Structure formats: C-alpha cells, structure tokens
1. Looking at (1) over 15 Å from the mean Cα position of the chain (by Cα); (2) of a type in the set (A, V, I, L, M, F, W, C); (3) surrounded by 15 or more Cβ atoms within 10 Å (Cβ to Cβ), which one does Leu65 not meet, given that it meets all the others?
2. Can we say Leu46 is modelled with pLDDT under 80 and assigned to a helix (DSSP H, G or I)?
3. Considering every residue within region 63-81, establish whether at least one is closer than 21 Å to Thr50 by Cβ and in contact (Cβ under 8 Å) with a residue 40 or more places away in the chain.
4. Could you count how many residues in region 49-58 are surrounded by 10 or more Cβ atoms within 10 Å (Cβ to Cβ) and part of a loop (DSSP other than H, G, I, E, B)?
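The values are calculated or read from the model by the stated rules, or taken from the named source; none is laboratory data. Keep in mind that this is a model prediction, so the values were computed, not measured. Positions of Cβ are backbone-derived with ideal geometry, glycine not excepted, and every protein chain shown enters the neighbour counts.
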Amino acid sequence: MPICIENRARSAGKLGRPAVKLCRVHQHNSPLPPYKPTNFATETRLAAETDVEARDSLIQALGGLRNRAAIPALAALIEDEDADSDTRWTAVESLGRIVRRRFLDKSDPVAAARDWIAAERKRKAK
C-alpha cells in the first residue's frame, strides 16, 4: 500500500512548521474507499517498522494528524520499557498533540503521559 507524506502550510501568509498529512495514494477509478487509519493498522505499522528514524517520522505524522485512532499504538510505545528513549519521547509529544495536553512541560513527560493513559483507561472502564 503506497503511502505519501505531504507538507502543507498551517495557515495562509504565515511561515511556521509545516503540518504533516499522511494519506493513502489511490487512483480515481479505484473501488477502494479513502484510507482511514484504524487501531489495528496503526499498531501493526508501528510494530513492523524496524528503522528508528522511519518509526519516529510515522509517530510524528500521527501526532500531526491528531487522529484519536492512534492513541492505543502511541500508548503501547510509551509504556514499552524496551523502546528507544527518543521514540518514547516522540510518542509522548504526538500523544500530547492528539489529546491537547502539554506533557513536555512536566518535569517527567513520560510519567505524565503514562498517568494520563491510566486515567483514560479507568474512565473508559466505567
């Protein structure tokens, strides 16, 4: 499945960090519907990616999309003690973008993100 990453300016007339858009490339006559990421697809792609830089780029793109479907995959990375520390940090940053929390402003961003994940799981279990 071909994937493209496309940069677009956040707002007309302002220079700033470009927003990243992850999309599926398909032909106009294709019978496939537009791609919408699911929990399974996101977790599978992140787990299958072995190149650290590529994985971090994918994590940043997911944060830029602000799609809540990526939360379980990011939570799994944040909670994985064996994951690369830069990858975990990037996952914390992306999770913060999605849920609109400033984890990076805390003294321990990874612990703050884990606390949020635990609270969210409790809230959903009720």
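1. Going through the list (1) over 15 Å from the mean Cα position of the chain (by Cα); (2) of a type in the set (A, V, I, L, M, F, W, C); (3) surrounded by 15 or more Cβ atoms within 10 Å (Cβ to Cβ), Leu65 breaks only (1).
2. Judged against the criteria, Leu46 is a match.
3. Yes, region 63-81 contains at least one residue that is closer than 21 Å to Thr50 by Cβ and in contact (Cβ under 8 Å) with a residue 40 or more places away in the chain.
4. Qualifying residue count for the region: 1.
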